[in-house]
1. Name every residue in region 313-345 that is within 20 Å of residue 373 (Cβ to Cβ), in a helix (DSSP H, G or I) and open to solvent by less than 10 Å² (accessible area, probe 1.4 Å), in order of residue number.
2. Which one of these does residue 131 not meet: (1) out of contact with any Cys (no Cβ under 9 Å at 6 or more places or on another chain); (2) under 24 Å from residue 284 (Cα atoms)?
3. State all residues of region 132-155 that are open to solvent by 10 Å² or more (accessible area, probe 1.4 Å) and among the hydroxyl-bearing types (Ser, Thr, Tyr); if no residue qualifies, say none.
4. Would you please name the residue that is farthest from residue 102 (Cα to Cα), looking only at residues in region 146-176 that are part of a helix (DSSP H, G or I) and in contact (Cβ under 8 Å) with a residue 24 or more places away in the chain?
5. Can you name the condition, by its number, that residue 485 falls short on among (1) touching a residue at least 24 places away in the same chain (Cβ under 8 Å); (2) surrounded by 14 or more Cβ atoms within 10 Å (Cβ to Cβ)?
6. Just to check your reading of the model, which residue among 82, 106 is free of Cβ contacts under 8 Å to residues at least 24 places away in the same chain and open to solvent by 20 Å² or more (accessible area, probe 1.4 Å)?
7. Specify the residue that is surrounded by the most Cβ atoms within 10 Å (Cβ to Cβ); the eligible residues are those in region 271-302 that are outside any strand (DSSP E or B), under 25 Å from the mean Cα position of the chain (by Cα) and modelled with pLDDT of 95 or more.
Amino acid sequence: MSVTDLGMPAFTAAAARSTRDTRLRANLRHATHTIRDKRARAVGELDDWAQLRTAGQAIKDRTLRHLDHYLERLEEAVTAAGGQVHWAADAAEANRIVTRLVRATGEREVVKVKSMATQETGLNEALAEAGISAYETDLAELIVQLGKDRPSHILVPAIHRNRSEIRDIFRSEMGDWGRPAPDGLSDRPAELAEAARLHLREKFLRAKVGISGANFMVAETGTLVVVESEGNGRMCLTLPETLISVVGIEKVVPTWQDLEVFLQLLPRSATAERMNPYTSMWTGTTDGDGPRTFHLVLLDNGRTDTLADTVGRQALRCIRCSACLNVCPVYERAGGHAYGSAYPGPIGAILTPQLRGTASELDASLPYASSLCGACYEVCPVAIDIPEVLVHLRERVVEGGKVTRGGVRTVLQPAKGHAAERAAMRAAAFAFDRPGVLRTGQRLAARTRRLHPRRLPGPGRAWTDTRDLPPVPAESFRDWWQRTRGGERGSGQEGAK
């Protein structure tokens, strides 16, 4: 999905390193707790939040069931409004299309609105290889870019940085990218924001090409929607002569009436605001107003394959609010970089392995990057049952089975390193299906319990490195019941059911 993801270790190895970074953990704990507390208050203001959530889920599910129809309607509407639509089957094709479009303008610089889709495809790196400089204009994305870093959060990409680190990055790096930071820059938020504003203002006024994503696309009119809080998006979307938007195909909604639901769900779940400070909408091109040329690049990159999975497809409902990250105990301790993807946190743990597959060690480990506590499902504004999909993907990793890759139905082989787990599960299934075998095993375990180790040997060591084996009782529940109530009838039998 991105060149920065190549060579990443499995999640457990990456997380083991990040959890030892005390400053990172302090930054994450402060930021996530602050955001989720504000979100809870904002959501609590609406008596019909549960109904809005159900409506958002239903709209997304209906759209996904008829995605081909709505995408065709979208293409027709965008074209009729003066835009040009391009279809990209994968990340490489999307990057080639955008690079070709930028080169056709003769420009060698572009300004960008924060875009998860272009992070997913590694567009900045592809443009750099073609000699084109891409400048991020979202404040957090600017911090990440200047720091030669990677985003670690969907909504707040620089959440792992504190004010002192940002000040140092601005002082040392801004001059190499354009206007340098003011002399004597402190770590006061107002001064940092002003330094970024002055630095970016020159780029906004000079740029001829803008690149964006979109939060939503309205099929009935061909309208694209970007919601943001800083105003940089409005500048990128209106000042350049050419606008190129790279958007995942799942971002389409059928009508304006459907959009109204999501414009209530997204701000409260993401930034704990009643509405976003800037909601920009555009439909094709208009003479004398905004860009003269508009290109829409519709990105698949594994989404159609995900759609074929009746359990996993619910990940495509995601509206990128990041609420699941802010309540996840694993994300809070490990940070976003450990996920090795543009999509960190719980949603990344189910979306990335479906978009990229589970062939790599990293992608096969992501479904295990969760405690299955269910907090992510409780806060998701479109009711994605992330724990359900995690368990589904874990089964795929261990057992293999039929999947769709590249539009072709194939049989996935079980991942390496899970042979012992599969053998244990088959043995358990055999015993649970045969009461006599299960009873004998329980009695044998009880009689030998003083010989049981507290740590498992071999493949089981990974499990007992962080927990003790539960002690085996002196007798099983079945034997205790038979000994204490074996002669009883009636209520005793009812209690055993």
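The values are calculated or read from the model by the stated rules, or taken from the named source; none is laboratory data. Everything numeric here is computed off the predicted structure, so don't read it as measured data. Glycine gets a Cβ as well: all are built from the backbone with ideal geometry, and neighbour counts include every protein chain shown. Accessible surface is based on the protein model in full, side chains and every heavy atom, while ligands, DNA and RNA are left aside. Shrake-Rupley method; radii C 1.70, N 1.55, O 1.52, S 1.80 Å.
1. 315, 323, 325, 326, 331, 334, 338, 339, 345 - these are the residues of region 313-345 that are within 20 Å of residue 373 (Cβ to Cβ), in a helix (DSSP H, G or I) and open to solvent by less than 10 Å² (accessible area, probe 1.4 Å).
2. (2)
3. Across region 132-155, the qualifying residues are 133, 135.
4. This residue is 163.
5. Going through (1) touching a residue at least 24 places away in the same chain (Cβ under 8 Å); (2) surrounded by 14 or more Cβ atoms within 10 Å (Cβ to Cβ) one by one, residue 485 breaks only (1).
6. The match here is 106.
7. Checked region 271-302; the qualifying residue surrounded by the most Cβ atoms within 10 Å (Cβ to Cβ) is 302.
Yes or no, residue by residue, for (1) surrounded by fewer than 21 Cβ atoms within 10 Å (Cβ to Cβ); (2) within 23 Å of residue 226 (Cβ to Cβ):
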position	(1), (2)
130	yes, no
157	no, yes
166	no, no
173	yes, no
186	yes, no
190	yes, no
